[in-house]
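Each value in this text was obtained by applying a stated rule to the coordinates, not by laboratory testing. Predicted, not measured: the structure shown is a model, and the values here were computed from it. Glycine gets a Cβ as well: all are built from the backbone with ideal geometry, and neighbour counts include every protein chain shown.
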Amino acid sequence: MIDRCAEGGNRKVQFNRKDLLGLEELSAEHIKLILDTGDNFKEVLGRKIKKVPALRGVTIANVFYEPSTRTRMSFELAEKRLSADIINFSKATSSVKKGETLRDTLENIKAMKVDIVVMRHASSGAHKFASEFLDASIVNAGDGRHAHPTQALLDMMTLREHWGTFVGKKVTIIGDILHSRVARSNIWGLTKMGAKVTVCGPPTMMPVEIEKLGEGGIKLEYDIRKAIEGADAINILRIQLERQKSVLFPSSREYFEVFGTSSEVLKAAPDHCLVMHPGPINRGVEISQEVADGDRSVILPQVTNGVAVRMAVLFLIAGGKVEDEKIS
C-alpha cells in the first residue's frame, strides 16, 4: 500500500495540490513525499506484472506542443502502469495547424471531462494560464525556459539513491543555463532540500543575477575545473540551439574545448562524483563519449527513475480522485 502522506517533523504532509507547475511552489516536505512515493512505484516496476489499478477510471491528456522523446514516453508509460485512460495530442497532427489557439484546444479538452493534462509548451507560463481556467489538473512537462519539474525530481531521485540525503552535497550544473528549464527546476529542488549548487557555462549563456535563484542562492563559476572541484555530482546540459536568438559561442568544437566534460576535465572532480545528463546527449559537444558511457554515469538510471517519479506525481495529483484500495 502506498501512503499519500509523509512525515514532516511531527506531522503528516498531505499532497493536496491541484497542479504541478514548478518546484519553487513546493515545500521540502512535498518534494520528499514525491520522492518517497516514487521509490514505492519503482518497486512496482520491478515486479513481473508492472501495473497497478491506482488511476483506473482517470483520463489523462498528453498535450505536447514541442518535440519530446524521453519525457513523453516516460509519462505515457507511467500512465499505462497506473491503468489510466490516455489521450495523446501532438501539435503536428492537430487543429493548431489550422489556427486553433491554446485556449481553444484546452477548452475542448475541458469539454471532454479530462482529469489531468500533462503539457509541454514553448511559452513560459503557458501552464499557469491553463491552470487558471481548467478544472483538470495541470502537470508541467516543460514550459519554455521556465521549468521542467519532473525532470528535476527524477534527477533528485537518482541522486538520493546514491546519497540518502541532499544536505551538504554539492551539485554543479554545466552548460546552457540561460535557456534551460531543467537547470532552474534543479536549482529550486536541490536548494530546498539542502544541497549546494554551482552553475558553470559561457557568460553569453548565463542569466542575469543567476546567483539569486533558489533558496539561499547559488555559486557562479566560469572555469569548469574549478566548478567541479569537490562536486558530488555534475549535471551536464545540452546547448539549446532551438531557443537561441543569436550565435552565443564560436563553434561546437570550441565550446567543447572550454566547457565540455571530457575524461581529462573530470579528473578535477572527486572519484565519487556522479555524472548526469537530462538528454538528448550531443556527444563531443557538451560531453565526451567516454564520460557519457563511463562508470560514473547515471544517465540511464535517470531514465528509469523518470517513469517511477512520474507515476508518483500523477498518483499524488489525482489524490482526491482515486480510492485508496485501488493503490496496491
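Summary of values
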{"quantity": "Gaussian network model of the chain, springs between alpha carbon atoms under 10 Å - residue of 147, 136, 183 with greatest fluctuation", "calculated": "136"}
{"quantity": "In region 16-83, trypsin sites (Lys or Arg not before Pro) in a DSSP loop with at most 16 other beta-carbon atoms within 10 Å", "calculated": "17, 18, 47, 48, 50, 51, 56"}
{"quantity": "At R0 = 35 Å, FRET efficiency that the Cβ-Cβ distance of residue 102 and residue 271 yields, to 0.05", "calculated": "0.15"}
{"quantity": "Inter-probe distance in nm under a simple model that places probes 7 Å from Cα toward Cβ, at residue 16 and residue 300", "calculated": "4.4"}
{"quantity": "Additional length obtainable on full extension of the chain from residue 70 to residue 88, 0.36 nm per residue less Cα span", "calculated": "5.0 nm"}
{"quantity": "Given charges at beta-carbon only (K, R positive; D, E negative), |dipole| of the chain in Debye", "calculated": "620"}
{"quantity": "Potential lengthening between residue 123 and residue 211 on full extension [0.36 nm per residue; Cα-Cα distance subtracted]", "calculated": "29.3 nm"}
{"quantity": "Long-range amide H partners of residue 297 with built H, under 5 Å", "calculated": "275"}
{"quantity": "Top of 288, 90, 137 by mean-square fluctuation, Gaussian network on the chain, Cα under 10 Å", "calculated": "90"}
{"quantity": "Sorted by Cβ density within 10 Å, fewest first, the residues 129, 41", "calculated": "129, 41"}
{"quantity": "Ellipticity estimate at 222 nm from DSSP helix runs (n ≥ 4, -39,500 (n - 2.57)) divided over the chain, nearest 500", "calculated": "-10500 deg cm²/dmol"}
{"quantity": "Nearest-0.05 FRET efficiency for residue 165 and residue 290, computed from C-beta distance (R0 45 Å)", "calculated": "0.90"}
{"quantity": "Greater than 18 Å apart at Cα, pairs in 226/267; 91/113; 18/80; 18/196; 32/219", "calculated": "91/113; 18/80; 18/196; 32/219"}
{"quantity": "Reciprocal mean inverse distance between Cα atoms of region 149-299 - Kirkwood radius, Å", "calculated": "15.1"}
{"quantity": "Tilt relative to the chain, helix 102-111 - C-alpha long axis, 0 to 90 degrees, to 10", "calculated": "30"}
